[in-house]
Amino acid sequence: MKRLSGGLIDRSQHLSFTFNGKRYQGHPGDTLASALLANGVQLVGRSFKYHRPRGIVAAGSEEPNALVTLREGARAEPNTRATMAELYDGLVARSQNHVGSLNFDLLAVNDLLSPFFAAGFYYKTFMWPRAFWEKLYEPAIRRAAGLGELSELPDPDAYDRGYLHADLLVIGAGPAGLAAALAAGRAGARVILADEDFRLGGRLLAESDLLDGAPATEWIEAVKAELESLPNVRILTRTVIFGVYDHGIYGAVERVSDHLPTPGGAVRQTLWRIVAKRAVLAAGATERHIPFADNDRPGIMLAGAMRAYANRWATGPGTSAPVAIFTNNDDGHRTALDLMARGVPVAAVIDARRGVERQGDYRLLPEAEVVGTQGRLGLHSIRVRTSRGNDTLQVGALGVAGGWNPNVHLASHHRGRPVWDGEKLAFVPGQGGPSGLFPAGACAGKGSTAEALADGLRVAQEALADLGFAAQAVPLPHAESRQDNTAPIWHVPGKRRAWVDFQNDVTVKDIALAHKENMRPVEHLKRWTTLGMATDQGKTANVTALAVMAELTGKTIPQTGTTIFRPPYTGVSLGVLGGGDTGAHFRPRRLTPTHHWAKANGATFVEVGPWMRAQYFVRPGETHWRQSVDREVLAVRAGVGLCDVTTLGKVDVQGADATVFLDRLYANAMASLKVGMVRYGLMLREDGTAYDDGTCARLAEDHYVVTTTTANAGPVYRNMEFARQCLWPELDVQLISTTDAWAQIAVAGPKSRELLTRLVDGFDLSNEAFPFMACAPLTICGGLRARLFRISFSGELAYELAVPARYGHALMARLMEAGADFGATPYGTEALGVLRIEKGHAAGAELNGQTTGQMIGLGKMVSSKKDAIGNIMSRREGLAADKRLLVGLQPVNPADTVVPGSHLFTQGAPRDLAHDQGWITSAAYSPHVGSSIGLAFLEDGANRMGEVITAANPLQGSEVAVRVVPSHFVDPEGGRLRA
Amino acid sequence: MPDLSPLCALGAATPRRVTHGALTLTETPDCGLASLALRRDTPPPALDLPGPGRWQTADGLTLIWTGPGQWLVELPGAAETDVATTLAGKVPGASITEQTDGWVLYEITSSAGAAPIERFLERAANIDLTRFAPGSATRSPIEHLGTYVLRRAEDRLGIWGMRSAAESLWHALDGIAARLVSRG
């Protein structure tokens, strides 16, 4: 097809692209949609439900129909609006949602079956048998009714994010936005001007009207040049502001590389969070159509879009046949005039209003309506009902002009309710929207160019006045100031289907059915029919649907309701929201100081919160993890084992009142702790439940180091800060985390003292000089500052040795080397778990938020001689009367496995909640005992030693007979610790 | 000197350094760090202490405000020493804790003035650049990780992050710098 004259395309360059495998040519400045129309392609896809042939409807982000899959392979992106896809050389696009070719879609049979597929049909139809829903009905429906398909390949592109700060964000670069940005820029405010288009100008680009007697592009270019010269103005094209969030934060996606064949090394898109003190919403307006019978054929478009294609992209509506316009306002006539000026033949303007007059040399059918169309894959003819009877017009395209809906979306975030303007027949932004957001121009119902320019300026001045900027009036060009005179004609009644929402295949009949089914409130209407959902969010449908429902209910449109718009304004890729990092860097992770050593020594790692910890170390010949873990456990019990325990939280506590502070935090007494000693400590929540345990080491009179569990390092520190700052601000106490600062290695086992003796610089490790629960600063390995704690999680003679983190790796290597003759063995979290279960120490599985001190056998630790957080509440009746106790369990048959999570029952008792006696919290295979063992909370556990009970695991249908034993499987007297 | 060899936070014996266009990122393991918190009812130290959002140098130290009566103190070149004892000599009676190996320091320098630094920063952190002139310091998350960001000069940043997450923070910062080059 021959392109029209003019337009904003670069005819000196040709871009080659393919659609459904066929090669076409376009120019820089084209979108995929404009290039397809210029090549005479009207049919671009199939509809969602009925698989009806569909074409391009709009020229912007409101496009409901022309959804294509862009690019190939891993970069294939389904549901891309052809109207927003900037053409580049080598672009590959294909249509979607059809079986067989686009022209002969086998699923078009759905259209014949449409009487069965009315709104809500599957809610009623696919109810029985129940099991069929997931296995049969849903997959079948999803296959038949869908849009594009994902490649299911990993996204190969990179994304990034950033933060921008501005005094004024201007959303939209049409006449209102440009006037606002110019005034604000000249006033010295920091301005960000964002537009989803790749070119500034907004609707000005689509119109033929002159500004000050010259093409609008001249004014746009002059404003653009000035804005670019101002250091305080930043222009973001290809950037959609998709949502308004709290405190003046606007979400924006910049399509950095979507207009290129591949991003190269650059990111594909950037997610910007724009912090703006004020914003001007100059988002323009979207034209609405008028539903009539069979109004969805390719070639039937919005009249304003048709005009945009002619004026901006120098293309007709994909046909050389004559074009007709169906309108209820003057704007439709404007399209006819512009088309004719570009040489497009106009068959007629069909105006639904009475008493209208021709505005040019074309055939006018006043008081007339389109009542039918023909053309299987593209429009061939329309039937028109006039006051003088019906007529058929042979046309290749039809422009429909139903009036303009202001783009109130962003003003509706934060639950701002649009209000109905009965004169303009449109919803305009109301009160209660995001504070600091000022609508201007067409999105505020001021849609002529002259109005928009003036309003943009006025609103910018108003917005900036609050901030102390005196924005002077900028000279505005003289522009058209037409009014559309839209008549309240919302659809053409008839028996055949008339589409309201093209994307979701919702017709006037569906709305009537919703009315009949009493789905009348607008939110019900939406969900019942799926109107307004999917990628276009009903931009061309919602208001029309409300009008149809209003007509059916006999109410006014505002009485019928408004829809609430939520972010995002247009579809936003999950890739850009996620930030692009996948795999190991999907989220930040923390590595222990011995991570690289462990990796080099066969460690398998396990995620523990953000930490990567060594789970076990596989030695040559070990084929099952249990072999490694059993070996590690036995090595600790027999010789010496080494475990990186850096991940345990460490909080440095100093100050004159440090002792008082800690005494109030811990349930047990801390005030009596001597310098150079460590005490086990239990912390309770305010409600008396145990929440963390650890140790407290007193390094000096006014200096302590508190350790926490790995999981609670953050929460304990946070709660300590809360106590310090809010509960007891009068105390002189200072806190800081030192978790990362020190590499801490547990040296555990009967040979641990001998091993450490080889590293310390003349420090006396004898039992007398450094007894169980002692601590001291010291130096090791020729002068390295270190801290030594004689504490044990394993039940063995054990120490924890801390050095500056940078030395953790070397210390581990040195301990292994120095302890080679003792069989020094690194052990991971699995062995750590086995050792502590054998010793009966509570850990995260026991401290699950339901546990009291007495349940873990530490009831006496909760001091009654002092007050501490949770102590009084721990003595309330409900908690104090709890008789469940942590006990050990051993299977009667040593070959049986104790399964954690199993519930406990008296033998022979029914397996129900009423007879539940407790549950197994932790279990492991104990190489020391020679069988599986477990820890459990058991009702009246203290008095049931020796009893055989049943551990039931109904999820797997298993039951094991277990004997109740004390929770200490190893060294119940604690002699080894003190050796 | 101890007969053990330290490792840098990124796991190598020598610090990592990379250049992307005008920006150079350098792991800086030799700077000591300590926290300083004034105790109640003790006279303020003789040091000139910066207020909220600021850092400043005094007596060979760089002090970074971190909260009411609290600072982080950089002791350049002193990472291998007992910085708490050193600082206690200068600020007697305060609560001081060694922090050197709690953190990793990345210095980011520009060979082309302020612009690359500012483009980098707007992608890294939610910081208003007009209020972040040299002398500014703030606590800000970067890629979900808590950091202290210092504007050391128009063309230079210092970023302190959690040592255990050094690799993740480097990945984030390195990625931002690399993508800036690709974007042009």
Taking the Cα atoms of the stretch A:180-238, report the difference between the largest and smallest coordinate on each principal axis, in whole Å and largest first. 32, 24, 15
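Report for chain A the percent antiparallel among DSSP-assigned beta bridges with both residues inside it, nearest 5. Please report the intermediate quantities before stating the final value.
On the way: 124 of 170 bridges.
Roughly 75 percent of the beta bridges in chain A run antiparallel, per DSSP.
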Give me log10 I(q)/I(0) at q = 0.11, 0.13, 0.24 Å⁻¹ for the stretch A:636-738, Debye formula, one equal scatterer per alpha-carbon, no solvent. -0.33, -0.45, -1.41
Taking A:Lys883 as the anchor, which aspartates and glutamates have their alpha carbon closer than 16 Å to its alpha carbon, excluding any fewer than eight residues away along the same chain? A:Glu846, A:Asp916, A:Glu939, A:Asp940
If you average the alpha carbon positions of the stretch B:103-153 and of the stretch A:744-806, how far apart do those two centres end up, in angstrom? 41
Can you list residues from other chains, or at least 5 along the same chain, whose modelled amide H is less than 5 Å from the amide H of A:Phe292? A:Val492, A:Trp499
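Once the convex hull of the alpha carbons of the stretch B:9-92 is built, what does its volume come to per residue, in cubic angstrom? Don't skip to the end; give the middle numbers.
Working: hull volume 10.4 nm³, N = 84.
Each residue corresponds to 123 Å³ of Cα convex hull volume.
For chain A, take the alpha-carbon Rg, divide it by the Kirkwood Rh, and send me Rg/Rh. Walk me through the numbers on the way to the answer.
Working: Rg = 37.3 Å, Rh = 33.7 Å.
When Rh is taken as the Kirkwood radius, the ratio is 1.11.
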For A:Lys446, the lysines lying under 16 Å Cα to Cα, once residues fewer than eight places off in the same chain are dropped, come out as A:Lys424
Per principal axis, largest first, the Cα atoms of the stretch A:551-680 extend in Å by 87, 54, 24
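Given Cα positions, please report Rg to Rh for the stretch A:1-64, the hydrodynamic radius being the Kirkwood one. Write out the running numbers ahead of the final one.
Values: Rg = 13.0 Å, Rh = 13.0 Å.
Reported Rg/Rh (Cα atoms, Kirkwood Rh): 1.00.
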Between the stretch A:280-300 and the stretch B:17-94, what's the alpha-carbon centroid distance in Å? 63
To the nearest whole number, what is the average tally of beta carbon atoms from other chains within 10 Å of the beta carbons of peptide A:258-268? 2
Please give the net charge around A:Leu182, taking every other residue with its beta carbon less than 11 angstrom from that of A:Leu182, where Lys and Arg add +1 and Asp and Glu add -1. +1
Likely footprinting exposure, A:Phe822, A:Phe48, A:Phe116, fewest C-beta neighbours within 10 Å first: A:Phe116, A:Phe822, A:Phe48
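Compute, for the stretch A:694-754, the length of the dipole vector about the Cα centre, with Cβ point charges of +1 (Lys, Arg) and -1 (Asp, Glu) only. Units Debye, rounded to 20. If you can, show how the numbers build up before the last one.
Details: 5 positive and 7 negative charges, 67 e Å.
So the dipole magnitude of the stretch A:694-754 works out to roughly 320 debye.
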I need the phi-derived Karplus couplings for the stretch B:54-66: 6.51 cos²θ - 1.76 cosθ + 1.60, θ = phi - 60°, integer Hz, Gly and Pro marked x. 10, 10, 7, 9, 7, 6, x, 10, 10, 9, 10, 5, 10
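Restricting to DSSP loop positions (anything but H, G, I, E, B) with no more than 14 other Cβ atoms inside 10 Å of their own Cβ, which GluC sites (Glu not before Pro) remain in the stretch A:74-152? Intermediate results must be reported in sequence, preceding the final value.
On the way: sites: A:Glu86, A:Glu134, A:Glu149, A:Glu152; in loops: A:Glu149, A:Glu152.
Here the GluC sites (Glu not before Pro) that fit, given the DSSP loop and packing criteria, are A:Glu149, A:Glu152.
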Please find the FRET efficiency linking A:Glu462 to A:Ala118, where r is the Cβ-Cβ separation and R0 is fixed at 51 Å, and quote it to the nearest 0.05. 0.55
Pull up all non-local amide H partners of A:Phe126: gap of 5 or more, or a different chain, and H-to-H distance under 5 Å with H placed in the peptide plane. none
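Which loop GluC sites (Glu not before Pro) in the stretch A:687-734, with loop taken from DSSP, have no more than 12 other Cβ atoms within 10 angstrom of their Cβ? Could you put the intermediate results ahead of the total?
On the way: sites: A:Glu701, A:Glu721, A:Glu730; in loops: A:Glu701, A:Glu730.
Hits after loop and neighbour filter: A:Glu701, A:Glu730.
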Would you kindly derive the ³J(HN,Hα) couplings of the stretch A:274-283 from the backbone phi angles with the Karplus curve 6.51 cos²θ - 1.76 cosθ + 1.60 (θ = phi - 60°), listing them in order in whole Hz, with x for Gly and Pro? 9, 9, 10, 5, 9, 9, 9, 8, 10, 8
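What are the chymotrypsin sites (Phe, Trp or Tyr not before Pro) within the stretch A:534-620 that DSSP puts in a loop, where the Cβ has at most 14 other Cβ atoms within 10 Å?
A:Phe586
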For A:Tyr691, the residues 5 or more places away or on another chain with a placed amide H closer than 5 Å to its own amide H are A:Met683, A:Leu684, A:Arg685
Does the stretch A:424-463 come out rounded, prolate or oblate by the C-alpha gyration tensor, with a ≥ b ≥ c the root eigenvalues, rounded set by a/c under 1.5 and, if not, prolate when a/b is larger than b/c and oblate if not? oblate
If you average the C-alpha positions of the stretch A:533-567 and of the stretch A:889-937 separately, how far apart do those two centres end up, in angstrom? 60
Rounded to the nearest 20 debye, what is the charge dipole size of chain A about its Cα centre when +1 sits on each Lys and Arg Cβ and -1 on each Asp and Glu Cβ? 1420
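Local charge sum around A:Leu735 (other residues, Cβ-Cβ under 9 Å, Lys/Arg +1, Asp/Glu -1)? If you can, show how the numbers build up before the last one.
Values: positive: A:Arg724; negative: A:Asp652, A:Glu721.
After counting each charged neighbour, the total is -1.
Provide A:Met612, A:Met816, A:Met84, A:Met306 in ascending order of the number of other Cβ atoms located within 10 Å of each residue's Cβ, fewest first.
Values: A:Met612 22, A:Met816 16, A:Met84 26, A:Met306 32.
Ascending Cβ contact count within 10 Å gives the list A:Met816, A:Met612, A:Met84, A:Met306.
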If one takes the longest principal axis of the Cα atoms in chain B, at what angle in degrees, from 0 to 90 and to the nearest 10, does the Cα axis of helix B:166-183 lie? 40
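Among A:Lys650, A:Lys22, A:Lys526, which comes first, second and so on when ranked by fewest other beta-carbon atoms within 10 Å? Working shown, then result.
Details: A:Lys650 26, A:Lys22 9, A:Lys526 23.
Going from sparsest to densest Cβ surroundings: A:Lys22, A:Lys526, A:Lys650.
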Along the charge dipole of the protein assembly as shown, which of B:Ser111, A:Ser320, A:Leu227 sits closest to the positive end, that is, farthest toward it, with unit charges on the beta carbon of Lys, Arg, Asp and Glu (+1, +1, -1, -1)? A:Ser320
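Throw me the Rg/Rh for the stretch A:665-815, computed over C-alpha atoms with Kirkwood Rh, two decimals.
Working: Rg = 16.2 Å, Rh = 16.5 Å.
The Rg/Rh ratio comes out at 0.98.
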Aspartates and glutamates within cross-link reach of A:Lys516: Cα-Cα under 15 Å, excluding same-chain residues under 8 positions apart? A:Glu551
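Going down the list A:Lys135/A:Lys495; A:Lys650/B:Lys90; A:Lys49/A:Lys495, which pairs span over 29 Å between their C-alpha atoms?
On the way: A:Lys135/A:Lys495 37 Å; A:Lys650/B:Lys90 26 Å; A:Lys49/A:Lys495 20 Å.
Over 29 Å apart, Cα to Cα: A:Lys135/A:Lys495.
Per-residue Cβ counts within 10 Å, from other chains only, averaged over A:798-806: what number is that? Write out the running numbers ahead of the final one.
Details: counts 0, 0, 0, 0, 0, 4, 10, 10, 12.
Average per residue, whole number: 4.
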Please list 3J(HN,Hα) in residue order for the stretch A:769-782, calculated via the Karplus relation 6.51 cos²θ - 1.76 cosθ + 1.60 where θ = phi - 60°; whole Hz, with x for glycine and proline. 6, 9, x, 3, 6, 8, 8, 6, x, 7, 10, 9, 6, x
In whole percent, the Cα-Cα distances of chain B spread across 5 Å bins from 0 upward as 1, 8, 17, 20, 19, 15, 10, 6, 2, 1, 0
Helix-only [θ] at 222 nm, the protein assembly as shown, -39500 (n - 2.57) per DSSP H run of 4+, per residue, nearest 500, equals -6000 deg cm²/dmol
For the charge dipole of the protein assembly as shown, defined by +1 on Lys and Arg C-beta atoms and -1 on Asp and Glu C-beta atoms about the Cα centroid, which residue among A:His703, A:Phe117, A:Asn893 has the Cα displaced farthest towards the positive pole? A:Phe117
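Coordinate-derived values only; no laboratory data. Computed from a prediction, not measured in an experiment: that's the story for all the values here. All Cβ positions, glycine included, derive from the backbone under ideal geometry; neighbour counts span all protein chains shown.
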